[in-house]
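Read through the structure below, which is laid out as structure tokens, and then see the notes.
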Amino acid sequence: MEIIKDPVFQLLERGLDLSLVRQNLLVNNVANVETPNYERQDVNFEAYLRKSEERENLWLTHPRHLLPDNGETSLTKGAEEYAVRQDGGGVDVEKEMTLVLENSIYYQTLTRMISEKFGLLETVIKEVR
């Protein structure tokens, strides 16, 4: 839901939403560390935000215009950077926990940025009165 039609707020909101989705995926990966043949899942922030921005660019003058498909997807599956265990599982619990912590810090940073933006708006409103 858009509260404020400010591109910065909208980008921060998408970042928070995506961070929440990523946290759920990472926690699910940790929960399935012992599951044979489980493929880890993650979200590619850059690809998601790039696609999101491309959909909103002003040069798309008609909603039926096609966007270039460079093959990037937002949801990644599999063990691209991990050594797969002999039972077929592709989750490295230490790496996943590091990513969970990294994602938490990212989320906290975004919430701080939103709080600061609201603080600026509050200052402007007080000055206008």
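The values are calculated or read from the model by the stated rules, or taken from the named source; none is laboratory data. Quick caveat: nothing in here was measured; it's all calculated off a predicted structure. We place every Cβ from the backbone using ideal geometry, glycine too, and count neighbours over all the protein chains shown.
Could you tell me how many of the residues in region 88-129 are among the β-branched types (Val, Ile, Thr) and closer than 30 Å to Asn37 by Cβ?
Number of matching residues: 4.
Among residues belonging to region 100-112 that are aliphatic (A, V, I, L, M) and more than 12 Å from the chain's Cα centre (by Cα), point out the one that is farthest from Arg40 (Cα to Cα).
Result: Ile105.
Name the pairs whose Cβ atoms lie under 8 Å apart, with the first residue in region 12-33 and on the phi < 0 side of the Ramachandran plot and part of a loop (DSSP other than H, G, I, E, B), the second of a type in the set (Phe, Trp, Tyr) and modelled with pLDDT under 90, and 6 or more positions between them or separate chains?
Listed by first residue and then by second, the contacts come to Asn32/Tyr38.
Each row is one residue, and each column tells you yes or no for (1) surrounded by 12 or more Cβ atoms within 10 Å (Cβ to Cβ); (2) modelled with pLDDT of 85 or more.
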site	(1), (2)
Lys5	no, no
Leu11	yes, yes
Leu18	yes, yes
Val21	yes, yes
Leu25	yes, yes
Asn28	yes, yes
Asn32	yes, yes
Arg40	yes, yes
Leu49	yes, no
